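Just dropping this structure here.
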Amino acid sequence: MADGDDSAAVELRGVTMTYHGAEGDYTAVREVDLTVAPGRFVSVVGPTGCGKSTVLNAVAGLREPSAGQVLIGGEPLRGLNRRAGYMFQQDALLPWKTVVQNVAFGLELSGVEAERLARAHEWVVRVGLAGFENAYPHQLSGGMRKRTAVAQTWIGDPDILLMDEPFGALDVQTRQIMENELLTLWTDSGKTVLFVTHDLEEAVSLSDEVVLLSAGPGSGVVGRYPVDLPRPRDLLDIRTTPRFTELYGAIWADLRNEVMRTYERASHGTAGAGAVQDAG
Amino acid sequence: MSALPTGPRAPELSKTPADTAPSRSAGPRRRRTGWTGRVRPAVLTAQLGLAVLLVAGWEVGSRTGVVDPFFFSSPTAVAGRIGQWLGSGEIAGHLLTTLLEAALALVIGGVLGLGIGFLLARARTLAAVLDPYIKVLNALPRVVLAPIFLLWFGLGIWSKVAFGVTLVFFIVFFNTYQGVREVDRVLVDNARMLGAKESQLIRHVLLPSAMSWIFSSLHTSVGFAIVGAVVGEYLGASEGMGYLIAQAEGTFDTTGVFAGMVVLSVVVVAIDLLVNRVERRLLRWQPARERTHG
């Protein structure tokens, strides 16, 4: 493969992810093809249970695809993806470490001794948590914990950021503020972002491109929608612009179909393992 | 393997693991009430009153002949005996022997339980193979081992230590095993994505996560270590609190038996308070309400 700028930061080729369970196999995603150019902000949306997180886990190297290949910078991924940082949907901070220790955790693991705490402190300030360095996660609000998680992920300076509904648990206002700050951090950072969400508004307002997954199980890519909204964007205003409404409407028309299919399957009780005997 | 028996951990079953960060804000966390909090004056008064009532009732009953002093002694006689023991200093040697045996049992049993608990929690196949053996060993009433240990290790402290180890080991083992297995998957994935190697995973994630479980068992472990020492001494020894009580019993000296019981209780309560302090220090990252003991 060619190295350098022309190879995709992340590429999925025919990736199928099958889970082997007690009640039979469950194929979460089937033959997903996806290319993300370096420095792009790409969102993956889809109805509940369409295997969005599964795709991220494959790119992270936390789960190996049952079939197909994940390429990072043109190289096939083996084991964990060392170039990626992962922000989880759930709280992933270590409850027994303080804010600054959590932020410094990645540096500690890679054996960075010099100025570790100073660098961590810098990030704590950067995400707006000055004064909370020595607080434990349980003493923080949900938004503050997310800020800590952002600092924890970004301090290691990964080329690729994988974000799994990172702000899903936050209230609407906190969420918009966090999204805005994420964009500010990302702008000019050159980092590639793969952002998973079920919230189409969030996806359209943040991304360069929205990828739509079909209803699960055995989801695949049903559409890719470039988002040509100008940057830098002010997320607090962007949602009322005509172009936003237009893009949102176009993607929603397709997403709606998938959501309805998921709903129908669920109400007929076939959304589980039954529909996937031909897993492979 | 999920059906590992919880053995002697029963009294701690109400304890919930605290490995997931609760989504509570920093608000006022000091509303600790009831048993876990500082004891309110009314409760304290009632507690003292009950103690006075019981001791006074015992004393009066013993003096008036309602209870037979031969079988039940009396508080003044017991206090007198304890005073005599303390005065002559003869109690110190016995107490130190028992505490030494208990401490050794706690350390050896704790280290073994921690190590093997970790190993089996990480090596699923090995755990599955050993499962029935562990179940059988844990199901065995431990007291029957005491005579064997006396034969193997003699009348000195090591037979008591070995006996205590068999009690402590399973408590720590099951709690460690459970603690490591119940670690939040996301914490592990997150640490791995941040670059944690296996040894770092153990140190930064698995061990701290298991700590709350291990500590919840520490109170029980300390108690069982002392039980092991005392029962071992009771069955055959030349020193220790169990020996002292057995000697008193042999000469129908009820006062001696009661005095020994009182000394042991006071020591165990003192140690338990100490464990509380250590626990509170090491688990200070937990919200106050999640700690088991106040």
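The values are calculated or read from the model by the stated rules, or taken from the named source; none is laboratory data. Because the structure is a prediction, the values reported are computed rather than measured. When we count neighbours, we look across all protein chains shown, and the Cβ atoms used for this are built from the backbone with ideal geometry, even at glycine.
Please work out if residue A:179 is modelled with pLDDT under 95 and either in contact with a Leu (Cβ under 7 Å, 6 or more places away or on another chain) or more than 14 Å from every other protein chain (Cβ to nearest Cβ) (or both).
Details: modelled with pLDDT under 95: yes; either in contact with a Leu (Cβ under 7 Å, 6 or more places away or on another chain) or more than 14 Å from every other protein chain (Cβ to nearest Cβ) (or both): yes.
Spelling it out, residue A:179 is indeed modelled with pLDDT under 95 and either in contact with a Leu (Cβ under 7 Å, 6 or more places away or on another chain) or more than 14 Å from every other protein chain (Cβ to nearest Cβ) (or both).
Yes or no, residue by residue, for (1) at pLDDT 50 or above; (2) within 30 Å of residue B:117 (Cβ to Cβ):
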site	(1), (2)
B:11	no, yes
B:18	no, yes
B:23	no, yes
B:33	no, no
B:55	yes, no
B:60	yes, no
B:80	yes, no
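Could I ask something else about it? Of the residues in region B:192-215, how many are crowded, with 19+ Cβ neighbours inside 10 Å and either among the charged types (D, E, K, R) or assigned to a loop (DSSP other than H, G, I, E, B) (or both)?
3
So which of A:161, A:200, A:183 ends up being buried (at least 16 other Cβ atoms within 10 Å of the Cβ) and over 26 Å from residue B:189 (Cα atoms)? Break it down into steps so the answer makes sense when it comes.
On the way: A:161 fails: over 26 Å from residue B:189 (Cα atoms); A:183 fails: over 26 Å from residue B:189 (Cα atoms).
After applying the criteria, what remains is A:200.
Please tell me if residue A:66 is facing chain B (nearest Cβ under 7 Å), over 14 Å from the mean Cα position of the chain (by Cα) and polar (S, T, N, Q). Spell out how you get there, then give the answer.
Values: facing chain B (nearest Cβ under 7 Å): no; over 14 Å from the mean Cα position of the chain (by Cα): yes; polar (S, T, N, Q): yes.
Considered against the rule, which asks whether it is facing chain B (nearest Cβ under 7 Å), over 14 Å from the mean Cα position of the chain (by Cα) and polar (S, T, N, Q), residue A:66 comes out as no.
Moving on. Counting just the residues of region A:193-234 that are among the hydroxyl-bearing types (Ser, Thr, Tyr) and in contact (Cβ under 8 Å) with a residue 40 or more places away in the chain, which one comes out nearest to residue A:182 (Cα to Cα)?
Taking region A:193-234 and keeping what is among the hydroxyl-bearing types (Ser, Thr, Tyr), we get A:197, A:205, A:207, A:214, A:219, A:225.
Retained after the next criterion (residues that are in contact (Cβ under 8 Å) with a residue 40 or more places away in the chain): A:197, A:207, A:214, A:219.
Numbers: A:197: 15, A:207: 12, A:214: 27, A:219: 28 Å.
In this case the residue turns out to be A:207.
Another question, if that's okay. Quick check, is residue A:255 closer than 21 Å to residue A:143 by Cα and either surrounded by 16 or more Cβ atoms within 10 Å (Cβ to Cβ) or small (Gly, Ala, Ser) (or both)? Explain how you work it out, then say what you get.
Values: closer than 21 Å to residue A:143 by Cα: no; either surrounded by 16 or more Cβ atoms within 10 Å (Cβ to Cβ) or small (Gly, Ala, Ser) (or both): yes.
So residue A:255 fails the test.
Do you know which residues across region B:216-241 are under 16 Å from residue B:267 (Cα atoms), part of a helix (DSSP H, G or I), touching a His at 6+ places or on another chain (Cβ under 9 Å) and modelled with pLDDT of 90 or more?
Selection gives B:241 alone.
Follow-up. For region A:156-167, give me each residue that is more than 13 Å from chain B (Cβ to nearest Cβ) and either at pLDDT below 90 or within 24 Å of residue A:46 (Cβ to Cβ) (or both). Before the answer, list the steps.
Taking region A:156-167 and keeping what is more than 13 Å from chain B (Cβ to nearest Cβ), we get A:159, A:167.
A:167, the sole residue that qualifies.
Residue-wise test of (1) touching a residue at least 40 places away in the same chain (Cβ under 8 Å); (2) within 19 Å of residue B:218 (Cα to Cα); (3) among the hydrophobic types (A, V, I, L, M, F, W, C).
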{"residue": "B:83", "(1), (2), (3)": "no, no, no"}
{"residue": "B:88", "(1), (2), (3)": "no, no, no"}
{"residue": "B:98", "(1), (2), (3)": "yes, yes, no"}
{"residue": "B:102", "(1), (2), (3)": "yes, yes, yes"}
{"residue": "B:112", "(1), (2), (3)": "yes, yes, yes"}
{"residue": "B:126", "(1), (2), (3)": "no, no, yes"}
{"residue": "B:129", "(1), (2), (3)": "no, no, yes"}
{"residue": "B:133", "(1), (2), (3)": "no, no, no"}
{"residue": "B:141", "(1), (2), (3)": "no, no, no"}
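Residues in region A:19-43 that are at pLDDT below 90, among the β-branched types (Val, Ile, Thr) and more than 14 Å from residue A:69 (Cα to Cα): how many?
1
Oh, and also: Which pairs have Cβ atoms under 9 Å, sit 6 or more apart or on different chains, and link a residue in region A:175-192 that is within 17 Å of residue A:236 (Cβ to Cβ) and among the β-branched types (Val, Ile, Thr) to one that is modelled with pLDDT of 90 or more and part of a helix (DSSP H, G or I)?
Pairs found: A:177/A:143.
Any residue at all in region A:119-136 that is basic (Lys, Arg) and within 18 Å of residue B:285 (Cα to Cα)? Break it down stepwise before answering.
Initial filter on region A:119-136 (basic (Lys, Arg)): A:119, A:126.
With the extra rule that they be within 18 Å of residue B:285 (Cα to Cα), the set shrinks to none.
No, region A:119-136 contains no residue that is basic (Lys, Arg) and within 18 Å of residue B:285 (Cα to Cα).
Related question: Quick one: is residue B:250 of a type in the set (Gly, Ala, Ser), buried (at least 24 other Cβ atoms within 10 Å of the Cβ), within 23 Å of residue B:151 (Cβ to Cβ) and away from chain A (no Cβ under 14 Å)? Reasoning before the result, please.
Values: of a type in the set (Gly, Ala, Ser): yes; buried (at least 24 other Cβ atoms within 10 Å of the Cβ): no; within 23 Å of residue B:151 (Cβ to Cβ): yes; away from chain A (no Cβ under 14 Å): yes.
So residue B:250 fails the test.
Filter region A:79-100 down to the residues that are crowded, with 21+ Cβ neighbours inside 10 Å and more than 10 Å from every other protein chain (Cβ to nearest Cβ), then identify the one that is farthest from residue A:138 (Cα to Cα).
A:100
Would you mind finding the one in A:125, A:99 that is in contact (Cβ under 8 Å) with a residue 12 or more places away in the chain and aliphatic (A, V, I, L, M)? Steps first, answer last, please.
Numbers: A:125 fails: in contact (Cβ under 8 Å) with a residue 12 or more places away in the chain.
Exactly one of A:125, A:99 is in contact (Cβ under 8 Å) with a residue 12 or more places away in the chain and aliphatic (A, V, I, L, M), namely A:99.
Let me ask something else. Residue B:188: under 29 Å from residue A:106 (Cβ atoms), within 14 Å of chain A (Cβ to nearest Cβ), assigned to a loop (DSSP other than H, G, I, E, B) and in contact with a Leu (Cβ under 9 Å, 6 or more places away or on another chain), yes or no? Can you show your working first?
Values: under 29 Å from residue A:106 (Cβ atoms): yes; within 14 Å of chain A (Cβ to nearest Cβ): yes; assigned to a loop (DSSP other than H, G, I, E, B): no; in contact with a Leu (Cβ under 9 Å, 6 or more places away or on another chain): yes.
No: the conditions fail for residue B:188.
Quick check on my filter: what residues within region B:254-279 are more than 14 Å from every other protein chain (Cβ to nearest Cβ) and not hydrophobic (A, V, I, L, M, F, W, C)? Write out each step before concluding.
If we filter region B:254-279 for residues that are more than 14 Å from every other protein chain (Cβ to nearest Cβ), which is where we start, we get B:254-278.
Passing the criteria: B:254, B:255, B:256, B:260, B:265, B:272, B:276, B:277.
Looking at (1) in contact with a strand residue (DSSP E or B) (Cβ under 9 Å, 6 or more places away or on another chain); (2) away from every other protein chain (no Cβ under 14 Å), find the lone condition where residue A:75 falls short.
(1)
Go through (1) under 26 Å from residue A:38 (Cβ atoms); (2) modelled with pLDDT under 90; (3) of a type in the set (Lys, Arg) and name the single condition residue A:239 misses.
Every condition holds for residue A:239 apart from (1).
Still on this structure, please answer the following. Have a look at A:216, A:190 and point out the one that is assigned to a loop (DSSP other than H, G, I, E, B) and surrounded by 13 or more Cβ atoms within 10 Å (Cβ to Cβ).
Details: A:190 fails: surrounded by 13 or more Cβ atoms within 10 Å (Cβ to Cβ).
Only one candidate passes the filter, namely A:216.
May I ask you to list the residues in region B:62-96 that are surrounded by 14 or more Cβ atoms within 10 Å (Cβ to Cβ), part of a loop (DSSP other than H, G, I, E, B) and aliphatic (A, V, I, L, M)?
Passing the criteria: only B:67.
In region A:115-155, what residues are away from chain B (no Cβ under 13 Å) and either among the aromatic types (Phe, Trp, Tyr) or not in a helix (DSSP H, G or I) (or both)?
If the condition is that a residue be away from chain B (no Cβ under 13 Å) and either among the aromatic types (Phe, Trp, Tyr) or not in a helix (DSSP H, G or I) (or both), then A:115, A:123, A:127, A:128, A:130, A:133 are the ones that fit.
A follow-up question, please. Restricting to region B:132-166, count the residues that are hydroxyl-bearing (Ser, Thr, Tyr) and surrounded by 14 or more Cβ atoms within 10 Å (Cβ to Cβ). Full working, then the answer.
Narrowing region B:132-166 to residues hydroxyl-bearing (Ser, Thr, Tyr): B:133, B:159, B:166.
Adding the requirement that they be surrounded by 14 or more Cβ atoms within 10 Å (Cβ to Cβ) leaves B:159, B:166.
Of the residues in region B:132-166, 2 are hydroxyl-bearing (Ser, Thr, Tyr) and surrounded by 14 or more Cβ atoms within 10 Å (Cβ to Cβ).
Just to check your reading of the model, which residue among A:227, A:221 is out of contact with any Pro (no Cβ under 7 Å at 6 or more places or on another chain), buried (at least 21 other Cβ atoms within 10 Å of the Cβ) and on the phi < 0 side of the Ramachandran plot?
A:227
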